[in-house]
Each structure stands twice: as C-alpha cells, then as structure tokens.
Amino acid sequence: FGAVNNDNTILPGDTKGQIGVLETLIGQSICGVIFHMFAGQPLVIVRTTGPLAAFINVLFSWSESLEIEFLPFYCWTGLWTCLFLLIVVALDACVYIKYVGAFTEEIFALLIAGIFVQEFLKPLIDVAKNGSTDTFLLSFLLALCTFLVAYVLVEF
C-alpha cells in the first residue's frame with residue numbers, strides 16, 4: 001500500500017474521486033497478474049508512473065472540457081492504445097526503436113518535468129489569488145524548502 005500511495009499515484013482529487021488509491025491498487029494487481037502470466041517476466045513491478053499519472057490528469061481535464069464521462073473515455077483510450085500495440089507487435093515494428101535516440105527521450109522527459117512543475121505551481125497560484133498574504137508566503141516558503149531539499153539530495 002505504501003508503494004502505491006506516493007506522489008506518482010492518481011489522487012482522488014485529481015479525478016474527483018473516480019480513480020483513487022484503492023482503484024489503482026486493484027487495477028495494478030489484475031494487470032500485474034495478467035502481464036506476468038503472458039510476458040514471461042515475473043519479477044517486473046507493474047505500477048503507476050509519473051508520466052501515466054500526468055496522462056490520466058490530462059485525460060480527465062479533456063473529459064471535463066468535452067463534457068463526457070471520464071471512466072468510459074479512459075477505458076476507450078486504453079482499448080485504442082491496445083489496438084495500436086497489437087499492430088506494432090503484428091508488424092514487428094519494434095526493430096525501428098534503434099532509430100529513436102536519446103534526444104527523443106530527453107524531449108519526453110522535459111515534457112513530463114514541465115507537467116510536474118505546472119502541477120506544483122497550480123496550488124501556489126490558487127493560494128496567491130484566493131488566500132491571504134500570510135498563507136501564500138508560508139506556502140511559498142514550504143514549497144521552496146521542499147525544492148531545496150530535493151535539489152541537495154540529488155546533488156548528494
């Protein structure tokens with residue numbers, strides 16, 4: 001449970017309670033069992049990653065802006081992705097991965113980092129607009145200290 005309930009999971013507030021820790025845990029368990037039975041790699045840990053959490057948040061905001069239900073939209077997105085993956089497997093298109101260089105990986109990492117910075121700044125902007133000055137300064141100071149601790153630990 002502790003491995004699921006971290007910063008990489010889908011928080012219930014992100015999807016207005018439609019996907020939370022319990023749903024994530026159940027989904028990962030079912031998909032993990034199926035993956036391990038058919039993939040031949042029983043030691044791979046299947047769990048929600050940062051890019052997947054950001055993707056689900058984007059899908060949720062799209063479903064709200066399009067005024068459609070989130071869970072069917074999320075299901076059809078998964079089925080559509082499954083179709084594309086089956087096409088890739090059938091055509092043996094994995095041999096072309098050698099043409100994807102480090103530059104492509106870095107662009108993707110930059111995109112994910114940008115999404116996380118945006119998600120980090122959203123609450124600060126909300127507090128600056130709606131809260132008192134004291135609340136904003138305390139929130140900003142705590143955010144800055146969190147960043148500095150992370151930066152020092154990365155350099156450590």
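The values are calculated or read from the model by the stated rules, or taken from the named source; none is laboratory data. The structure displayed is predicted, hence computed values, not measured ones. Don't worry about glycine lacking a Cβ; one is built from the backbone with ideal geometry, like all the others, and counts go over all protein chains shown. SASA here: full protein model, heavy atoms, side chains in, ligands and nucleic acids out. Shrake-Rupley method; radii C 1.70, N 1.55, O 1.52, S 1.80 Å.
I'd like the full set of residues that are within 29 Å of Thr15 (Cα to Cα) and either open to solvent by less than 70 Å² (accessible area, probe 1.4 Å) or aliphatic (A, V, I, L, M) (or both), limited to the stretch 82-104. Cys82, Leu83, Leu85, Leu86 - these are the residues of the stretch 82-104 that are within 29 Å of Thr15 (Cα to Cα) and either open to solvent by less than 70 Å² (accessible area, probe 1.4 Å) or aliphatic (A, V, I, L, M) (or both). Of the residues making up the stretch 55-81, those that are aliphatic (A, V, I, L, M) and either part of a helix (DSSP H, G or I) or open to solvent by less than 70 Å² (accessible area, probe 1.4 Å) (or both) are Ile56, Val58, Leu59, Leu66, Leu71, Leu79.
The set of residues in the stretch 100-121 that are over 16 Å from the mean Cα position of the chain (by Cα) and in a helix (DSSP H, G or I) comprises Ala102, Phe103, Thr104, Glu105, Glu106, Ile107, Leu121. For the stretch 37-54, the criterion of being outside any helix (DSSP H, G or I) and in contact with a Cys (Cβ under 9 Å, 6 or more places away or on another chain) is met by at least one residue. Among what's in the stretch 123-132 and is in a helix (DSSP H, G or I) and modelled with pLDDT of 85 or more, pick the residue that is surrounded by the most Cβ atoms within 10 Å (Cβ to Cβ). Within the stretch 123-132, the match that is surrounded by the most Cβ atoms within 10 Å (Cβ to Cβ) is Val127. Taking the criterion of being closer than 24 Å to Pro51 by Cα and among the polar types (S, T, N, Q), the residues of the stretch 118-155 that qualify are Gln118, Thr146.
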